Amino acid sequence: MTATPDVELPDARTVHNPATGDVAGTVRWTDPADIPRIAAGLRTAQAQWESRGAAGRAKVLARFAVWMGEHRDEIEELLIKETGKSATDAVQEVPMLIMIASYYIKTMEKALAPETRPAALPFMAVKKVEVNYRPRPVVGIIAPWNFPVANAMMDALGALAAGCAVLLKPSERTPLTAELLLRGWHDSGGPEVLALAQGAREVSEAIIDNSDFIHFTGSSRTGAKVMERAARRLTPVSLELGGKDPMIVLEDADVELAAQAAVWGGMFNAGQMCVSVERVYVLEPIYDQFVAAVVAAVEKLKVGAGEGSHFGSMIDQTQVEVTDRHVREALAAGARALTGGERGEGNFYPPTVLVDVNHSMSCMTEETFGPTLPIMKVSSVAEAVRLANDSPYGLSASVFSRDVKRAKDVALQLDAGAVNINDVVANLMCITAPMGGWKESGIGARFGGADGMRKYCRQETVVTPRTNVGAGGNYYNNSLKSLKRTTNMMTKLALLRPRRVAK
Ligand code: NAD
């Protein structure tokens, strides 16, 4: 199930470095028929994990965070091998995980403590109301390939902190770093509440059938299938899906800043980022200046494997093909490529700036997930907002203006789970705020402070009497007359506020 497998094993799969074609490692796929047994093992171990309490679990998370810090180079080396990322892109994931772990270690005891709530209704003042956060025993996490380290663990950390056991399935394209992280968990003294299942659709389905909650990160298309499957057992899901994030550049923006942000936001990780800048709308007066600044910045980019490059290869030919199709279709419909525009060697695709684009083109409407930056001239803010919202997606967006208040007004007209002003992607690091998509970009959210752990819990309300006087009501022992007297009084009291406010 979990150990790095022997190449001789019949279901061992070889993983190749997408940038070089070299062998990156091997992994053994899990038999879907084994998943019920693995889930049952996790379920047993989870009870003990829950009973350690938040403080006890925080100790283990802390040791794991220290382990990640000490093994950062090893993790990043393997990450580069299995994804073809540049070293610049690869250095982001482990620090992010350590910061998330550190935040949960600091906040988990308070976040998961029972909460006393006011009874609110006056006649319930005799009751003490407490809400308890009880972990869902087995959380299935199904992850994509674009950030294999961060996507494997950033949601798992919240679930483990909450007291759940986690059954994690990395993408079949990038299964190696998860094996290393699992070794780290065990080397840190972590109990058997974290397990890996390797494989593709069939393994995912078995996980969905055997878990108590599913956190899925991946494409919207697959997300819908996950939800459908989970509905069979009414298993709750949280879905972090695709995006087509717009950037709006107002005429009073710092053009150089906006251009740099567009280039980094569009090209980081070869554009294979859910919250990458996928389309840009620029107000007419600064359009030419903005395009020139973007082209100048893109021309300085180095593309290649490992160190010394800004970004590396794409994950495989499927992604290259989607990117290339969007570019080809745009060019055929009258767009111009100011840089790039044709696929590179192997799995590489050059940074491609497209202009003269519109919403009849796939590059403006479908998720590209590649290093492209289509830029469209608009004549008004209203047009920019209308076009930005003209999408089935609503993950995040950005607005650039020197007038922050004006940018905020625009932000609040956008259909998106998060909007960054004069920056891109920044919301992803604001782990006290929810990160989730609107429309086809998702259901639920990750992070959100205490919610990042509570989402993996069921809420259990416990109501206790404040005095030993006995039951609050008299059940069937009330006469209709006394019931009416009491309910009339309650109604009068409850009407005081509505009557005052309604005036
Ligand atoms: P994908 O949907 O193809 O695969 C994601 C995972 O689902 C993989 O582990 C895969 O094995 C599994 N899977 C495949 N078929 C399945 C099925 N029928 N049922 C259940 N699971 C199945 O996505 P991908 O190509 O790995 O990742 C890229 C996508 O992920 C992009 O759309 C990107 O925007 C999105 N993404 C979103 C976020 C976010 O936080 N919103 C973050 C990263 C990536």
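Considering the stretch 66-212, what Rg and Dmax in Å follow from its alpha-carbon atoms?
So, for the stretch 66-212, Rg and Dmax equal 18.6, 65 Å respectively.
Once phi is turned into θ = phi - 60°, what whole-Hz ³J(HN,Hα) does the Karplus curve with 6.51, -1.76 and 1.60 give for every residue of the stretch 169-180, x standing for Gly and Pro?
Each residue's phi maps through the Karplus curve to give 10, x, 5, 5, 7, 9, x, 7, 5, 5, 5, 5 Hz.
For Gln459 and Asp316, compute 0.36 nm times the residue count separating them, minus their Cα-Cα distance, and round to one decimal in nm.
47.2 nm
Round to the nearest 10 and give me the degree value, 0 to 90, for the angle of helix 220-231's Cα axis relative to the longest principal axis of the chain.
Once rounded, one gets 30 degrees.
Could you give me D for the stretch 424-503, from Stokes-Einstein at 4 °C and 1.567 mPa s, where the hydrodynamic radius is the Kirkwood radius over C-alpha pairs? Units µm² s⁻¹, please.
71
Where does the chain land at 222 nm, in deg cm²/dmol rounded to the nearest 500, when only DSSP H runs of n ≥ 4 count, each adding -39500 (n - 2.57), divided by all residues?
After summing the helix terms and dividing by residue count, I get -13500 deg cm²/dmol.
Under the classification rounded if a/c is under 1.5, otherwise prolate if a/b is larger than b/c and oblate if not, where does the stretch 1-111 fall, given a ≥ b ≥ c as square roots of the Cα gyration tensor eigenvalues?
oblate
For a bin width of 5 Å, list the pair-distance distribution of the stretch 183-224 built from all Cα-Cα distances, rounded to whole %.
Per 5 Å bin, starting at 0, the Cα pair percentages come out as 5, 16, 23, 21, 16, 12, 5, 1.
For the chain, list log₁₀ I(q)/I(0) at each q in 0.05, 0.10, 0.11, 0.12 Å⁻¹, using the Debye formula over Cα point scatterers of equal strength and ignoring solvent, two decimals each.
Normalising to I(0) and taking log10 leaves -0.24, -0.82, -0.95, -1.08.
Just subtract the alpha-carbon distance of Thr14 and Arg37 from 0.36 nm times their residue separation and send over the number in nm, one decimal.
5.7 nm
Determine the sum of side-chain charges near Ala253: Lys and Arg each +1, Asp and Glu each -1, restricted to other residues whose C-beta is under 11 angstrom from that of Ala253.
-3
So if I restrict to the alpha-carbon atoms in the stretch 13-66, what is the Rg, and what is Dmax, the biggest pairwise distance, in Å?
Rg then Dmax for the stretch 13-66, in Å: 17.7, 47.
How compact and how long is the stretch 288-334, expressed as Rg and Dmax of its alpha-carbon atoms in Å?
13.8, 37
What's the Kirkwood radius of the stretch 144-302 in Å, using all Cα pairs?
18.2
Calculate, for Asn468 and Gln48, the FRET efficiency according to 1/(1 + (r/R0)^6) with r their C-beta to C-beta distance and R0 30 Å; round to the nearest 0.05.
Calculated transfer efficiency: 0.25.
Using only the alpha-carbon atoms, how far is helix 255-267 inclined from the longest principal axis of the chain? Give it as 0 to 90 degrees, nearest 10.
Once rounded, one gets 80 degrees.
Among rounded, prolate and oblate, which fits the stretch 401-450 when a ≥ b ≥ c are the square roots of the eigenvalues of its C-alpha gyration tensor, a/c under 1.5 means rounded, and a/b larger than b/c means prolate?
Note, shape of the stretch 401-450 comes out oblate.
Could you name the lysines in cross-link range of Lys85, using Cα to Cα under 16 Å and dropping any fewer than eight places away on the same chain?
Lys302
When the convex hull of the Cα atoms of the stretch 313-377 is projected onto a plane and the area is averaged over all directions, what value comes out in nm²?
Averaged projected hull area, Cα only: 3.7 nm².
I'd like the per residue volume of the convex hull spanned by the Cα atoms of the stretch 370-503, given in cubic angstrom.
Hull volume over Cα atoms, normalised by residue count, gives 262 Å³.
The stretch 427-501: which chymotrypsin sites (Phe, Trp or Tyr not before Pro) are DSSP loop and have at most 10 other beta-carbon atoms within 10 angstrom?
Sites meeting the loop and neighbour criteria: none at all.
Compute the FRET efficiency between Leu121 and Glu228 as 1/(1 + (r/R0)^6), taking r as their Cβ-Cβ distance and R0 = 41 Å, and round to the nearest 0.05.
0.55
Report the one residue of Ala156, Asn422, Gln289 whose Cα lies farthest in the direction of the positive end of the charge dipole of the chain (charges on C-beta: Lys and Arg +1, Asp and Glu -1; origin at the Cα centre).
Most positive-ward Cα: Ala156.
Give, as ranges by residue number, the residues of the stretch 128-154 whose backbone N falls under 18 Å from the point 7 Å along Cα→Cβ of Ser102.
150, 154
Give me the distance in nm between label points sitting 7 Å out from Cα along the Cα-to-Cβ direction at Arg497 and Ser360, one decimal.
For Arg497 paired with Ser360, the spin-label model returns 5.6 nm.
How high is the FRET efficiency from Ser479 to Ala433, r the C-beta distance, R0 51 Å, rounded to 0.05?
0.40
Can you list, largest first and rounded to whole Å, the semi-axes you get for the stretch 137-237 by taking the square root of 5 times each eigenvalue of its Cα gyration tensor?
Each semi-axis is √(5λ); the values are 21, 16, 11 Å.
So, by mean Cβ neighbours within 10 angstrom, what's the order for 376-386, 133-143, 114-124, 211-221 with the highest one leading?
Those peptides, ordered most packed to least, come out 133-143, 211-221, 376-386, 114-124.
What net charge is computed for the residues neighbouring Val462, neighbours being all others with C-beta under 14 Å from the C-beta of Val462, Lys and Arg scored +1, Asp and Glu -1?
Taking every Cβ under 14 Å from that of Val462, the sum is +3.
Every number here is computed from the coordinates shown, using simple stated rules; none is lab data. Given the structure is predicted, the values throughout are model-derived calculations rather than measurements. Please note: Cβ atoms are built from the backbone with ideal geometry, for glycine as well, and neighbour counts cover all protein chains shown.
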